[in-house]
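These notes are about the structure you will find just below.
The values are calculated or read from the model by the stated rules, or taken from the named source; none is laboratory data. Bear in mind that the values here come from a model prediction, so they are computed numbers and not experimental data. Cβ atoms come from the backbone with ideal geometry, glycine included; neighbour counts cover every protein chain shown.
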Amino acid sequence: MERINSNADNTLKVDIWDIISVAGAIVLIIIIALFINQSTTPEDSQEGITFAPSPSVVTSTYPSQTEIPLTTPTPAESKTHSLITPSQIYYERNYFSYPLFIFPEYSIYFEAGSDPPWKGSGVVEFAYMNEATGGVTQLFSVPYRLWKINCTVIAETNPGYAKIKWMLVNAKNGAVIKGAEYYGSGTIYKTVLVYQTDMYFVVEPTMIDHYTIKLETIEKYL
């Protein structure tokens with residue numbers, strides 16, 4: 001009789017340890033699942049403009065970009081809107097899947113001069129670049145149907161040899177939306193009528209000290 005009781009006690013101990021092991025495994029799985037859920041981050045986005053991942057389509061064609069005709073509003077002077085914090089656009093390292101990242105040998109966009117600047121009040125800066133070197137930027141999309149590129153170049157070290165060349169490219173088909181080639185120090189403006197489309201800048205500075213590119217729109221388009 002004592003031997004039978006001893007075997008029963010051993011069986012009870014084994015069952016208890018089995019239950020404890022299973023319960024511990026379940027708790028560990030729950031903790032890991034909570035940690036994974038907390039580590040998940042949403043897709044990158046900024047106020048005013050939206051950043052997108054690199055495109056997977058590669059093409060060597062450069063079709064023309066169709067713009068939507070609009071009536072130009074009353075010009076206004078650049079200022080920062082209290083409801084928008086300008087987003088900074090950075091250079092992208094993995095841009096080799098972009099449809100166009102080398103300047104074409106010829107383009108009419110690099111021959112035209114500057115568009116007239118907006119003056120007065122009511123212009124809002126919603127994004128900017130602040131660089132001294134060249135490169136290809138990350139993809140971004142602008143929600144405003146009318147906006148302007150405000151590019152300012154500082155070239156005090158070698159003003160006679162300084163030059164900047166940039167183009168705004170449609171990320172879907174490689175079309176050049178806008179472009180500019182500017183020598184020395186100064187500011188050049190380009191009005192853009194393309195929006196809600198993934199795009200990026202390609203910038204090639206030569207012997208300049210610094211440059212800024214500001215993206216601006218009118219308050220009524222916010």
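For residues in segment 132-148 being under 15 Å from the mean Cα position of the chain (by Cα) and in a strand (DSSP E or B), which is farthest from Val192 (Cα to Cα)?
By that ranking, first place goes to Gly135.
For every residue, the table says whether it meets (1) within 21 Å of Ile102 (Cβ to Cβ); (2) more than 17 Å from the chain's Cα centre (by Cα); (3) not aromatic (Phe, Trp, Tyr).
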site	(1), (2), (3)
Trp166	yes, no, no
Asn173	yes, yes, yes
Ile177	yes, no, yes
Glu181	yes, yes, yes
Gly184	no, yes, yes
Thr187	no, yes, yes
Lys190	yes, yes, yes
Met199	yes, no, yes
Val203	yes, no, yes
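Taking Ala155 as meeting all but one of (1) modelled with pLDDT of 95 or more; (2) buried (at least 17 other Cβ atoms within 10 Å of the Cβ); (3) under 19 Å from Gly48 (Cβ atoms), write down the number of the exception.
(3)
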